[in-house]
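Chemist: Shown below is the structure under consideration.
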Amino acid sequence: MYSKSIKPLTIILLLISAIANQSMAQPPVAGKNNPSSIKYIYLTFDDGPLNGSEHIDSVVLAERLKISVFLVGEHAELSKQLGSYYKMYERNPFVEAYNHSFTHANGKYKIFYNSPQNVLSDIQKNEKLLGLRYKIIRLPGRNMWRIGGRKKDDGISGASSANLLSQNGYKVYGWDIEWKHNTATGGPIQTVDEMLKEIGNRLETGNTFTKDHIVVLIHDEMFQKKWEESELKQLIDKLRQHSNYVFEHIRFYPDK
């Protein structure tokens, strides 16, 4: 029974205020009452652990930003330092680790993909070595997809390997856009503003593997210097200015 000191109108106003506050605390949901549909961004980093992984780790930890890293087991065994970078990723609550093969094909992709069974063994070895929790992979040197019955190939050898991995329960992820880098210096090629514009255009036109979802490929070695580290932070900060952009781990990418 309500206290006589509280008027019914006051109670109603308090209830309305509580409901409004709860609504404001929830993330926006796409729909006819919200003309700006949600766009999901998956920042994915390949080939770690490498020099540069430690800067990526520190940025996403400070920014509290979800990212996905596709790891190469052989790199984690190269030195104690690279092994420590892998452990940094493991401890970071905003990082999820996935499979990018043990050897990265040793840079000889055509030979690597001549034997799909060897590719499967290489992936399984990496999964066991790094203790990877999810059967999610990205093929080294190939932009191929195998998820939820959908597939896409990049026209280069590797399709048979992707099929075999899918048959063994793995989800294979490619990418929609790459932040390219100079292979000699590791430095980014596109500027932050160029990347921002291209991501926005792809999401606006639906030119992605899945509408309203964009997978961005980045390489760990791009962020070995402080100014390059700040470029990553600049991109994150500018993307966050869009209220309908949501960052997510690749594990939550829709199957259909």
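The values are calculated or read from the model by the stated rules, or taken from the named source; none is laboratory data. Please read these numbers as outputs of a predicted model, since none were measured by experiment. Every residue, glycine among them, receives a Cβ derived from its backbone with ideal geometry; neighbour counts consider all protein chains shown. These area figures cover heavy atoms from the full protein model, side chains too; ligands, DNA and RNA do not enter into them. Shrake-Rupley method; radii C 1.70, N 1.55, O 1.52, S 1.80 Å.
Chemist: Mean-square fluctuation check for the chain, GNM, Cα pairs under 10 Å: which of 204, 90, 228 is largest?
Modeler: Maximum among the listed residues: 204.
Chemist: In addition: Just to make sure I understand: if all protein chains stay in place, what is the order of 251, 133 by accessible area at 1.4 Å, largest first?
Modeler: From most exposed to least exposed: 133, 251.
Chemist: Output the 0 to 90 degree angle, nearest 10, between the alpha-carbon long axis of helix 226-239 and the longest principal axis computed from the alpha carbons of the chain.
Modeler: Its long axis makes an angle of about 40 degrees.
Chemist: For residue 118, project a label point 7 Å along Cα to C-beta. Then give me every residue of region 155-183 with its amide nitrogen under 18 Å of that point.
Modeler: Output list for this probe position: 157-165.
Chemist: Check residue 247: other-chain or 5+ apart residues with amide H under 5 Å from its amide H, H built from backbone geometry?
Modeler: The answer is 41.
Chemist: Sorted by packing (mean other beta-carbon atoms within 10 Å per residue), highest first, where do 147-153, 39-45 land?
Modeler: Peptide ranking by packing, descending: 39-45, 147-153.
Chemist: Once you have the Cα-Cα distance between residue 106 and residue 37, take 0.36 nm times their residue separation minus that, and quote the gain in nm to one decimal.
Modeler: 20.6 nm
Chemist: Over the Cα atoms of region 127-256, what is the Rg over Rh ratio if Rh follows Kirkwood?
Modeler: Computed over Cα atoms, the ratio is 0.98.
Chemist: Right, another one. If one takes the longest principal axis of the Cα atoms in the chain, at what angle in degrees, from 0 to 90 and to the nearest 10, does the Cα axis of helix 80-91 lie?
Modeler: 30 degrees
Chemist: Another question, then. Using the Karplus curve 6.51 cos²θ - 1.76 cosθ + 1.60 with θ = phi - 60°, what ³J(HN,Hα) values do you get for each residue of region 140-157, in whole Hz, with x for Gly and Pro?
Modeler: Values per residue, Gly and Pro as x: x, x, 9, 9, 10, 10, 8, 9, x, x, 9, 8, 7, 10, 9, x, 10, 3 Hz.
Chemist: First compute the accessible area of region 40-113 with a 1.4 Å probe, then give the percent of it belonging to carbon and sulfur atoms.
Modeler: 53 percent
Chemist: Around residue 162, with a cut-off of 9 angstrom between Cβ atoms, what is the net charge of the other residues, counting Lys and Arg +1 and Asp and Glu -1?
Modeler: It works out to a net charge of +2.
Chemist: Among the aspartates and glutamates, select those whose C-alpha is under 12 Å from the C-alpha of residue 125, and discard any that sit fewer than 8 residues away in the same chain.
Modeler: Those aspartates and glutamates meeting the cut-off are 74.
Chemist: Continuing with this model, one more query. Roughly what angle does helix 116-130 make with the longest principal axis of the chain, taking Cα atoms, 0 to 90 degrees, to the nearest 10?
Modeler: Approximately 60 degrees, to the nearest ten.
Chemist: Based on Cα positions only, what radius of gyration and what Dmax would you give for region 143-206, in angstroms?
Modeler: In order Rg, Dmax, the Cα atoms of region 143-206 give 15.2, 40 Å.
Chemist: I've got another one for you. Past the 30 Å Cα-Cα mark, which pairs from 39/171; 180/256; 66/211; 80/256; 128/197; 108/135?
Modeler: 80/256; 128/197
Chemist: Can you check how the C-alpha radius of gyration of the chain compares to 2.2 N^0.38 Å, as a plain ratio?
Modeler: Relative to the rule-of-thumb radius for its length, the chain sits at 1.20.
Chemist: Right, next: In terms of modelled amide H atoms, which long-range or inter-chain residues lie less than 5 Å from the amide H of residue 48?
Modeler: 70, 72, 220
Chemist: How many Å² of accessible area per residue for region 197-256, probe 1.4 Å?
Modeler: 51 Å²
Chemist: As a check on your grasp of the helix formula, calculate [θ] at 222 nm for the chain: sum -39500 (n - 2.57) over DSSP H runs of n ≥ 4, divide by the residue count, round to the nearest 500.
Modeler: Theoretical 222 nm ellipticity from helices: -12000 deg cm²/dmol.
Chemist: Which order do 64, 138, 202, 240 take by accessible area at a 1.4 Å probe, largest first?
Modeler: 64, 240, 202, 138
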